[in-house]
Amino acid sequence: MKKTLKIFVLIIIVIGSIFIWYDQKRSFFKAINGEYITMWKRVGGICYLIPGKYYGVTKPKDGYVEMSTLAYLTVYYSDKLPNIILLRKESNYDYKAYDPVNRNYLFDDYILNKEKYRPIIYKEDATSSMDINKDASYLSINILEGYATDETGGTQR
């Protein structure tokens with residue numbers, strides 16, 4: 001009986017450890033401008049995109065983007081907008097952006113404010129997504145596949 005109980009407890013510990021390891025797994029992507037974003041895919045089909053490198057074991061209180069693990073999102077940075085991170089939804093899945101309480105940066109929707117932000121991000125004669133200004137950068141994040149592409153076409157996993 002004691003041996004069976006020990007085996008049962010061991011199995012529970014192994015399963016719990018695998019679950020915790022899987023749930024705490026995250027990827028860090030670096031934009032050309034040196035900014036990092038953490039992609040944390042959680043159990044249950046939810047993903048958090050958090051500016052910088054986030055190592056916390058619980059969901060951030062603020063300053064993150066929440067969306068489906070099936071989504072695709074582009075994140076824009078610009079030296080001309082040092083406190084704004086632009087988000088562009090590239091799939092049918094919506095996102096929720098939670099600005100940080102300390103307001104050291106804010107999220108804004110690129111599509112809703114395209115006329116305002118396009119001249120800051122893209123060159124005047126831009127014909128493709130790679131034609132961006134020198135002081136801007138972006139990461140196109142494919143959450144489902146777990147990779148990001150920057151403006152040079154480089155892929156990070």
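For region 103-149, a residue qualifies if it is open to solvent by less than 60 Å² (accessible area, probe 1.4 Å) and either at pLDDT below 90 or more than 20 Å from residue 83 (Cα to Cα) (or both), and the qualifying residues are 126, 128, 131, 141, 142, 143, 146, 147, 148, 149. When 75, 65 are checked against the criterion of being under 12 Å from residue 141 (Cβ atoms), touching a Cys at 6+ places or on another chain (Cβ under 9 Å), in contact (Cβ under 8 Å) with a residue 12 or more places away in the chain and aliphatic (A, V, I, L, M), 65 stands alone in meeting it. The condition of being closer than 16 Å to residue 140 by Cβ and touching a Phe, Trp or Tyr at 6+ places or on another chain (Cβ under 8 Å) holds for only one of 88, 26, that being 88.
The values are calculated or read from the model by the stated rules, or taken from the named source; none is laboratory data. Note that this is a predicted model, so its numbers are computed, not measured. Neighbour counts run over all protein chains shown; Cβ positions are idealised from the backbone, glycine included. Accessible surface is based on the protein model in full, side chains and every heavy atom, while ligands, DNA and RNA are left aside. Shrake-Rupley method; radii C 1.70, N 1.55, O 1.52, S 1.80 Å.
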